[in-house]
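Notes follow the structure.
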Amino acid sequence: MFRRVSAAIAAGLLIAGGLTACGGDSGGGNDDGKITMGFAQVGAESGWRTANTKSVQEAAKAAGIDLKFSDAQQKQENQIKAIRSYIAQKVDVIAFSPVIESGWDQVLKEAKDADIPVILTDRAVDSKDTSLYKSFIGSDFILEGKKAGEWLVDDSKTAKGPVNVIQLEGTTGSAPANDRTSGFADAIKADPKIKIVASQDGDFTRAKGKEVMEALLKAHPEANVLFAQNDDMGLGAMEAIEAAGKKPGVDMKIVTIDAVKDGMTALANGQFNYIVECSPLLGPQLMDLAKQVVDGKEIPKRVLTKETTFTQEQAKTALPSRKY
Ligand code: GZL
């Protein structure tokens with residue numbers, strides 16, 4: 001609910017560059033004026049995550065913010081431990097990407113009681129109490145799923161027979177998996193010949209994407225489309241598709257989300273058919289928000305990242321200048 005309402009409110013807050021702030025006194029930060037941020041990262045599960053970590057670390061350095069960084073290996077209990085350690089260290093601000101949507105209220109309350117502001121980046125939480133964090137900066141995952149589905153509806157207009165989709169979902173319980181699944185399902189309702197014949201968690205990794213796809217291809221030889229909720233699962237699945245004697249991008253059309261370099265290369269080579277971009281480059285805007293929060297300024301509750309889509313031709317043009 002929060003994501004839908006806030007996405008509408010935040011529609012005008014698309015970031016092209018910096019953010020405006022309103023009110024609040026200056027102040028905050030350590031005695032030497034340096035801000036310390038505790039960042040609890042999900043893990044290192046995908047090319048997207050690696051690019052996101054690089055963006056956060058480089059932006060902290062450029063902003064003169066002292067960054068304490070932890071990698072939770074995609075485990076919620078590790079992220080909660082890291083947040084508690086940042087509270088104990090009395091950092092000025094905490095930022096994190098919640099690996100799954102639920103189970104954060106207790107630790108966020110501890111941060112609030114310690115008067116340490118929290119900024120959500122990349123993924124959302126399903127807490128009803130939105131006072132537990134100052135802002136959520138990240139993509140509209142429902143829209144990303146919708147864009148992928150709308151492409152398939154358009155591409156299927158010329159399809160002679162049934163369009164049988166295998167869907168590789170992201171990490172079960174995560175905001176991107178939940179929202180991309182619902183956005184895609186809504187969009188493909190426009191064409192009854194499009195059917196999802198199987199949908200399973202591939203945990204956003206290449207290895208799991210390949211493993212799950214091997215099994216699903218055996219169970220569903222009728223499948224002729226793969227919707228992978230990130231490039232890495234699509235790249236892993238591509239190996240399984242080839243091993244099954246099918247040509248990726250031809251016998252099995254592939255639509256994914258992220259647009260990291262390896263995915264864009266597969267798209268430019270005709271192995272993928274369409275990619276919906278999900279930008280990992282949240283670092284600069286996060287540091288901008290953190291400085292304002294520490295200075296006691298009000299910041300937007302929801303900050304949407306700008307992103308686009310790529311066809312095979314567009315990928316060929318875009319690849320040379322891709323930052324990640
Ligand atoms: C989306 C991000 C997802 C990416 C995956 O913002 O949370 O997690 O789509 C990554 O590649 O693992």
ask   = Relative contact order, percent, of the stretch 35-182 when contacts are C-alpha pairs under 8 Å separated by at least 6 residues?
value = 21
Listed residue pairs exceeding 22 Å between alpha carbons, taken from K146/K246; K189/K316; K195/K246; K68/K323 = K146/K246; K189/K316; K68/K323
key: Selection of trypsin sites (Lys or Arg not before Pro), the stretch 183-288, meeting DSSP coil and at most 13 other Cβ within 10 Å   = K189, K193
note = One would report the antiparallel percent of DSSP beta bridges in the chain, rounded to the nearest 5, as 5
remark   = Per residue, accessible area of the chain with a 1.4 Å probe, heavy atoms of protein chains only, in Å², comes to 42
Nearest-0.05 FRET efficiency for D115 and A185, computed from C-beta distance (R0 41 Å) = 0.45
remark   = The ³J(HN,Hα) series, computed from each phi in the stretch 167-172 with the Karplus coefficients 6.51, -1.76 and 1.60 at θ = phi - 60°, rounded to the nearest Hz and given as x for glycine or proline, is 10, 9, 7, x, 3, 3
request  = Let me have the relative contact order for the chain, percent, based on Cα pairs under 8 Å that are six or more residues apart.
outcome  = 22
note = Restricting to Cα pairs under 8 Å and 6 or more apart, the percent relative contact order of the stretch 191-296 works out to 21
query = Taking a threshold of 18 Å on the Cα-Cα distance, which of the pairs K112/K134; K54/K75; K34/K90 fall above it?
reply = K54/K75
ask   = aspartates and glutamates near K301 by alpha-carbon distance under 13 Å, same-chain residues fewer than 8 away left out - which ones?
value = D129
request  = Would you mind working out the magnitude of the charge dipole of the stretch 209-281 relative to its Cα centre, with +1 at each Lys and Arg C-beta and -1 at each Asp and Glu C-beta, to the nearest 20 Debye?
outcome  = 180
request  = Mind checking which aspartates and glutamates have their Cα closer than 14 Å to the Cα of K253? Skip sequence neighbours fewer than 8 apart in that chain.
outcome  = D154, D155, E222, D231, E239, E242
query = What percentage of the solvent-accessible surface of the stretch 141-278, computed with a 1.4 Å probe over protein heavy atoms, is contributed by carbon and sulfur atoms?
reply = 54
inquiry  = Step by step: find N for the chain, compute 2.2 N^0.38 Å, then divide the Cα radius of gyration by it. What's the final number?
reply    = 1.02
ask   = What Kirkwood hydrodynamic radius, in Å, does the stretch 168-235 give when the mean of 1/r is taken over all pairs of distinct Cα atoms and then inverted?
value = 12.3
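The values are calculated or read from the model by the stated rules, or taken from the named source; none is laboratory data. Note that the structure is predicted; figures quoted are calculated from it, not measured. Neighbour counts run over all protein chains shown; Cβ positions are idealised from the backbone, glycine included. To get the accessible areas, we keep the full protein, side chains included, count just its heavy atoms, and leave off ligands, DNA and RNA. Shrake-Rupley method; radii C 1.70, N 1.55, O 1.52, S 1.80 Å.
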